[in-house]
Amino acid sequence: MKKTILISAMALTAGSLLGADSDDVKAAAKKLEGQSNYSWKTTVAVPEGGGGGRFRPGPTEGKTEKDGYTWLSLTFGDNTTIAVIKGDKGAAKVEGEWRSVAEMADDQGPGAFMARMLRNYKAPAALAEDIAGQTKELKKDGDTYSADLTEEGAKALLTFGRRAGGQGPQATNAKGSVKFWVKDGQLTKLEYKVSGTVSFNGNDRDIDRTTTTEIKDVGSTKIEVPEEAKKKMSET
């Protein structure tokens, strides 16, 4: 009798970790995306020797409004850049001056890197939906969904959304995992860990980083976009 109870309990426990569908996570992401606005904070943990150099991602503060602007405060190393995106247009404040994505794309080094990032940037809801479609054997435990990433999914996250074969950094030996937190059917937190070798301009660097995004201020976020930024975006 005891053996039967134990086996049944083990089966129930295993069942809670199996059978999750990526559609559940996608629905939670879409629910967040459907809100009028929300904010988030993203932090990046890189172990010693985990790579990144002066372009190592630091904390990111973000705000977005439905069918409107996305405002970002991006930190790389000791530098923080304010950027604004709307649709396929964007601008960033670089060394005290607002510049359009198109202008930065013509630069070499940091400017081109920033332009590439902004063009590929996805707010957490859209990013979570995209990542959910690049997982394997998604499992659920309470309000948490977890899975390993496909190789292509890990490559895209290692290179900030740049797909294999295009211009910019390329990733090899890529692997990763992801967790999604859902409450009341809506995404509240996203965390992914990726590692691999990234090649850029003939240089190889081993990368290992964990990125965590926590959602906040859903429905109460306000965005103020400087007129200089709007003007630059209208020029592109």
Given the conditions (1) at pLDDT 90 or above; (2) under 30 Å from SER22 (Cα atoms); (3) among the aliphatic types (A, V, I, L, M), report the number of the one that MET117 does not fulfil. (1)
Among (1) closer than 21 Å to LYS41 by Cα; (2) surrounded by fewer than 23 Cβ atoms within 10 Å (Cβ to Cβ), there is one condition LEU157 misses while meeting the rest; what is its number? (2)
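Residues are listed down the side, and each one gets a yes or a no for (1) exposed (fewer than 13 other Cβ atoms within 10 Å of the Cβ); (2) at pLDDT below 95; (3) touching a strand residue (DSSP E or B) at 6+ places or on another chain (Cβ under 7 Å); (4) over 22 Å from ASN120 (Cβ atoms):
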| position | (1), (2), (3), (4) |
| --- | --- |
| GLU151 | no, yes, yes, no |
| GLY161 | no, yes, no, no |
| ALA171 | no, yes, yes, no |
| SER195 | no, yes, yes, no |
| ASP204 | yes, yes, yes, no |
| ILE207 | no, yes, yes, no |
From the list SER146, SER73, SER100, pick out the single residue that is farther than 21 Å from GLU228 by Cα and modelled with pLDDT of 90 or more. SER146
Just name the residue that is farthest from GLU224 (Cα to Cα) out of those in region 29-70 that are in contact with a Phe, Trp or Tyr (Cβ under 6 Å, 6 or more places away or on another chain) and modelled with pLDDT of 95 or more. GLY62
With region 33-144 as the region, which strands (runs of 3 or more DSSP E) entirely inside it contain at least 2 residues that are buried (at least 16 other Cβ atoms within 10 Å of the Cβ) and under 14 Å from the mean Cα position of the chain (by Cα)? 37-45, 57-65, 70-76
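The values are calculated or read from the model by the stated rules, or taken from the named source; none is laboratory data. These numbers come from a predicted model, not from an experiment. Cβ: placed from backbone, ideal geometry, glycine included. Neighbour counts: every protein chain shown.
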